[in-house]
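Step one of this worksheet: look at the structure below.
Coordinate-derived values only; no laboratory data. All values reported here derive from a predicted model rather than from experimental measurement. Every residue, glycine as well, gets a Cβ built from its backbone with ideal geometry; the counts of neighbours run over all protein chains shown.
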Amino acid sequence: MGMSTRNDLRIDRERLWATLMETAQFGATAAGGICRLALTEEDRAVRDWFRAAAEAAGCTVEIDEMGNMFARRPGRDPNRPPIAIGSHLDTQPTGGKFDGILGVLAGLEVIRTLNDHGIETDAPIEVINWTNEEGSRFAPAMLASGGFGGVFDRDYAYARTDRNGVTFGEALEKIGYRGSTRAGDHPLAAHFELHIEQGPVLEAENVAIGVVTGVQAIRWYDVTVTGQENHAGATPMGLRRDALAAAAAVIGAVEGVAREMGGVGTVGVIESHPQSRNVIPGRVFLSIDLRHPEDSRLAAMEARLGEEIAALAKARHVEIAFERIWHSPAVAFDPACIKAVADSATHLGYTHREIVSGPGHDSVYVSRVAPSAMIFIPCAGGLSHNERESITPQQAEAGANVLLHAVLATEARLSRQR
Ligand SMILES: [Zn+2]
């Protein structure tokens with residue numbers, strides 16, 4: 001097949017949409033969403049469906065020790081590592097029909113499209129279902145792509161438990177998806193992930209395709225403000241050590257630093273003691289989540305916030321413990337893979353812009369061991385992790401077409417380099 005034929009290829013929008021709606025029945029909720037927690041009977045059912053559909057499309061399906069599923073469409077050269085398309089089929093308890101699922105089923109649609117047109121590739125093309133991306137049943141999130149990327153070892157993963165004390169290893173065994181291949185013992189030439197944005201930017205700007213250049217750096221903090229409990233009537237304003245009023249100033253500082261330094265900052269948890277109407281609060285706990293696309297800027301945000309917190313503690317005569325408890329460095333995706341996504345969007349005539357992902361994704365960990373990039377499409381209102389998560393068939397089609405062409409262009413580029 002010549003390049004002109006490849007350039008004219010388009011996925012089948014109606015077939016992709018029908019596939020999305022068909023698999024949405026596994027774990028369907030009354031409100032129109034999906035409850036398909038990792039390694040449950042619903043997850044087993046959608047896995048069985050995916051395996052059968054992939055085999056019907058001429059793929060072989062390999063399962064690794066983390067339950068990751070690799071559906072391979074052979075290439076002319078069986079010794080070449082595949083160009084992979086991966087995301088996840090598990091959902092949140094009140095999840096939607098597209099978060100993760102679109103990325104796997106669009107991969108299946110790419111393979112069906114290649115089959116329809118008799119397109120052969122030199123390298124194999126592979127569609128991957130990464131296990132337990134959501135982290136809702138088994139924490140942490142992205143557990144099995146993390147196993148693949150060398151972040152978590154097998155024994156750690158197998159020992160994770162759900163709320164009923166069932167381990168990840170037991171649950172894998174029970175649904176019949178504990179494979180024998182060592183996680184990560186499966187080289188990939190590249191990895192592409194199509195996903196809904198889960199944010200409002202593309203929709204607000206009326207842009208069809210987000211060319212994802214990386215994932216933001218994240219730092220989490222615990223903050224404890226200690227003042228002094230005292231009578232709300234008898235203590236004049238100038239003589240108080242009010243921990244909650246100081247915490248309010250900390251929240252203001254988080255917002256100010258994030259706005260001024262181009263990042264995002266969130267106080268999601270606040271616990272004030274002793275919770276009495278006529279007692280000045282003596283102790284407050286806060287959580288802080290700071291994010292920025294660049295590690296160095298996030299470090300600067302942390303330093304600046306630390307200075308502001310120290311100054312306001314002094315001014316308000318309270319003690320403030322500001323402790324970082326977790327961090328995830330920024331991820332920069334592979335320049336050649338990013339370019340393949342942008343060029344494909346241009347070739348197809350879709351509006352596009354570069355974007356940095358706020359949420360984490362399987363590609364964060366996969367990018368440690370394989371050149372990777374992501375494609376975002378808008379979702380209504382930026383809503384996700386919600387049964388009302390919504391996209392249109394046209395938006396799904398645009399994303400899947402960009403995926404198809406990014407994969408083919410990467411396959412051709414790597415073939416030329418050999
Ligand atoms: Zn997802």
Let me know the shape class of the range 102-154, please: from the alpha-carbon gyration tensor, a ≥ b ≥ c as square roots of the eigenvalues, rounded when a/c is under 1.5, otherwise prolate if a/b is greater than b/c, or oblate.
oblate
Expressed as a whole-number percentage, the relative contact order of the range 227-381 with C-alpha contacts under 8 angstrom and at least six residues apart is 21
Rounded to whole Hz, the Karplus (6.51, -1.76, 1.60) HN-Hα couplings of the range 259-264, x for glycine and proline
4, 6, 9, x, x, 10
For helix 335-348, what angle does its Cα long axis make with the longest principal axis of the chain, in degrees from 0 to 90 and rounded to 10?
70
What distance in nm separates the two pseudo spin-label positions at Asn79 and Ala380, each 7 Å out from Cα along the beta-carbon direction?
5.2
For the Arg182, Met237 Cβ pair and Förster radius 51 Å, calculated FRET efficiency rounded to 0.05 is 0.20
Magnitude of the charge dipole, the range 65-116, Cβ model with Lys/Arg +1 and Asp/Glu -1, debye to 20
220
Note the angle between two axes, namely the Cα long axis of helix 393-416 and the longest principal axis of the Cα atoms of the chain, as a number of degrees from 0 to 90, rounded to the nearest 10.
70
0 to 90° range, to nearest 10: angle between helix 295-316 axis and the chain longest Cα axis:
20
Selection from Pro281, Ala373, Val207, by position along the positive dipole direction of the chain (Cβ)
Pro281
Residue-averaged 222 nm ellipticity for the chain, from DSSP H runs of 4+ at -39500 (n - 2.57), nearest 500
-11500 deg cm²/dmol
Order 151-161, 101-111, 240-250 from most to least packed using the mean count of other Cβ atoms within 10 Å.
101-111, 240-250, 151-161
With charges only on Cβ, +1 for K and R and -1 for D and E, what is the dipole size of the chain about its Cα centre, in debye, rounded to 20?
440
Find the centroid of the Cα atoms in the range 172-210 and in the range 226-242, then give the distance between the two in whole Å.
52
How far is the Cα center of the range 12-30 from the Cα center of the range 387-401, in Å?
12
Determine the dipole magnitude for the range 217-328: charges of +1 sit on the beta-carbon of Lys and Arg, -1 on that of Asp and Glu, nothing else is charged, the reference point is the Cα centre, and the result goes in debye to the nearest 20.
280
Where a ≥ b ≥ c are root eigenvalues of the Cα gyration tensor, a/c under 1.5 meaning rounded, otherwise prolate if a/b exceeds b/c and oblate otherwise, the range 322-385 counts as oblate
